[in-house]
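Working notes, structure below.
The values are calculated or read from the model by the stated rules, or taken from the named source; none is laboratory data. None of these values were measured; they are calculated from a predicted model. Don't worry about glycine lacking a Cβ; one is built from the backbone with ideal geometry, like all the others, and counts go over all protein chains shown. Just the protein is used for accessible areas: all its heavy atoms, side chains included, with ligands, DNA and RNA removed. Shrake-Rupley method; radii C 1.70, N 1.55, O 1.52, S 1.80 Å.
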Amino acid sequence: MTALTGSRPTTTAHGTRHPVPQWASALAHAIPLLLLPQCLWRLPFAFGFEMGLAGEGSMPSSLWVSVPYVFGLSLITEALALLSFGLVRGWGEVAPAWLPFVGGKRIPPLAVIVPAALGGLATTAFWGYGLLGWLGFHDVAEFTSGGWQVLARLCIAPGMLWGPLLLVLTYAYSTRRCRPAAHQG
């Protein structure tokens with residue numbers, strides 16, 4: 001029951017007030033999976049295996065530093081990717097009840113749209129810079145063989161879709177959340 005009206009809000013199967021397009025739900029599920037190959041690619045670096053990179057390694061030689069750094073980076077990447085579910089689930093519209101102070105309260109749409117859009121733009125810019133390097137616009141890491149380079153790009157390339165897909169999900173969320181409550185004719 002809501003505190004203000006004493007009635008239950010109308011929700012869909014996803015726990016959202018308005019229906020979520022099936023394609024949007026599929027995109028939200030795809031984002032963490034698209035980032036998984038790059039997260040797995042980076043794990044050997046934690047143990048000093050340079051995955052065919054030419055030149056001096058950039059990782060600290062101490063496992064006490066490299067292991068938490070690389071594993072932490074992968075976990076944070078996946079955790080941020082999982083936040084895309086908030087754009088297609090009820091917890092992106094109403095704060096979960098277990099949260100102190102805000103639990104059960106409706107989340108203003110802009111409180112979700114602004115950080116999601118900024119995150120989408122930031123990841124697009126970050127990965128866009130890498131893509132420009134692959135296209136020859138600036139120097140990129142060199143590999144000891146073409147096989148290592150191909151493997152690296154196959155693992156990293158899906159992550160380049162993160163930003164654009166997040167922006168598409170943000171747009172879908174904003175059109176769903178910001179639509180008028182009733183059509184007046």
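Per the listing S58, S66, the residue uniquely under 26 Å from G147 (Cβ atoms), open to solvent by 50 Å² or more (accessible area, probe 1.4 Å) and at pLDDT below 90 is S58. Here T175 does not fit the description of being open to solvent by less than 40 Å² (accessible area, probe 1.4 Å) and among the β-branched types (V, I, T). Here P37 clears all of (1) touching a residue at least 60 places away in the same chain (Cβ under 8 Å); (2) closer than 30 Å to K105 by Cβ except the condition numbered (2).
On the basis of being at pLDDT 95 or above, open to solvent by 40 Å² or more (accessible area, probe 1.4 Å), over 23 Å from W127 (Cα atoms) and assigned to a helix (DSSP H, G or I), does W23 make the cut? Spelling it out, W23 is indeed at pLDDT 95 or above, open to solvent by 40 Å² or more (accessible area, probe 1.4 Å), over 23 Å from W127 (Cα atoms) and assigned to a helix (DSSP H, G or I).
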